[in-house]
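Student: Below you will find the structure I want to go over with you.
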Amino acid sequence: MNILELNEKFPTEASIAGYCQKIIFDDNLTGPFCDSSIVKNILEKLAFLAVPMDEHEFTNKEYNRVFSRGTVMTPIGEVKIGKNQFTKLAEKDGGSRKGLIGAMRQTLSDPVTIIRENEKGRIADVFIKSFKVDGGRDENLIVSVVVTIQETKIAISTYQRKRREVIKKIKKADGIVYIKDNGGSLTNGDFSPPIKI
């Protein structure tokens, strides 16, 4: 079997509390990843685990408060926030990403799933989280892309995607790095970082 349990390799508050299940495929796995039962499971979790999005004023001061250390603890270890992320939120998609400061932190620290993409030799871990909208009747799907440069994980982009686009990404993934179980969310507005052991 190509699945390795990693609960002890990257201990976080979530794994300590028994909230999450981490899975990763070994290096021999090649994509595309299309196991329909796992795709269905992820889509059900995106619906079931949707949380309210933390809202923040779009200012440098607020951004620096949310990302005061310049890093976020994630289920796969510490991720550095790319130096141009504030500017990207302001400028990309006609400025529509300005409301994603809280969502970026929530998606990185408490994703529903993380998939691995390999496009033309460039490997990225794609964090995906769902947020309640319209009084909880629907969800927005937020994606954060993390690349590894010289052994440092760096968040390079955060944006909203339509459900069909997320389904396509999951089906084309080279592997699933992480799937959250049905436990509670760690991101309900609390800015305290996960416990490091």
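Just so you know, all these numbers are worked out from the coordinates, no wet-lab data involved. None of the values given here were measured: they were computed from a predicted structure. With ideal geometry, Cβ positions are generated from the backbone for all residues, glycine too; neighbour counts draw on all protein chains shown.
Student: What is the fewest-to-most order of ASP54, ASP125 by other Cβ atoms lying within 10 Å of their Cβ?
Tutor: ASP54, ASP125
Student: Please report, to two decimal places, log10 I(q)/I(0) for the stretch 101-172 at q = 0.14 Å⁻¹ as given by the Debye formula with identical point scatterers on the Cα atoms and no solvent.
Tutor: With no solvent term, the Cα-only Debye profile gives -0.43.
Student: Give me the three principal axis extents of the stretch 48-180 from the C-alpha atoms, as integers in angstrom, largest value leading.
Tutor: Between the extreme Cα coordinates on each principal axis of the stretch 48-180 lie 39, 36, 27 Å.
Student: Could you go through the stretch 71-82 in sequence order and give the Karplus-derived ³J(HN,Hα) for each residue, using 6.51 cos²θ - 1.76 cosθ + 1.60 with θ = phi - 60°, rounded to whole Hz, and x for Gly and Pro?
Tutor: Residue by residue, the stretch 71-82 yields 9, 9, 7, 10, x, 10, x, 6, 10, 7, 7, x Hz.
Student: Then there is this: Give the residue list of GluC sites (Glu not before Pro) in the stretch 92-169 that are DSSP loop and have at most 16 other beta-carbon atoms within 10 angstrom.
Tutor: GLU151
Student: Per Stokes-Einstein, at 4 °C and 1.567 mPa s, what whole-number D in µm² s⁻¹ belongs to the stretch 32-83, with the Kirkwood radius over Cα pairs as the hydrodynamic radius?
Tutor: Stokes-Einstein gives a translational diffusion coefficient of 91 µm²/s.
Student: Another question, then. What net charge is computed for the residues neighbouring VAL147, neighbours being all others with C-beta under 12 Å from the C-beta of VAL147, Lys and Arg scored +1, Asp and Glu -1?
Tutor: 0
Student: Could you please report the charge total around HIS56, scoring K, R as +1 and D, E as -1 over all other residues with beta-carbon less than 13 angstrom from its beta-carbon?
Tutor: +1
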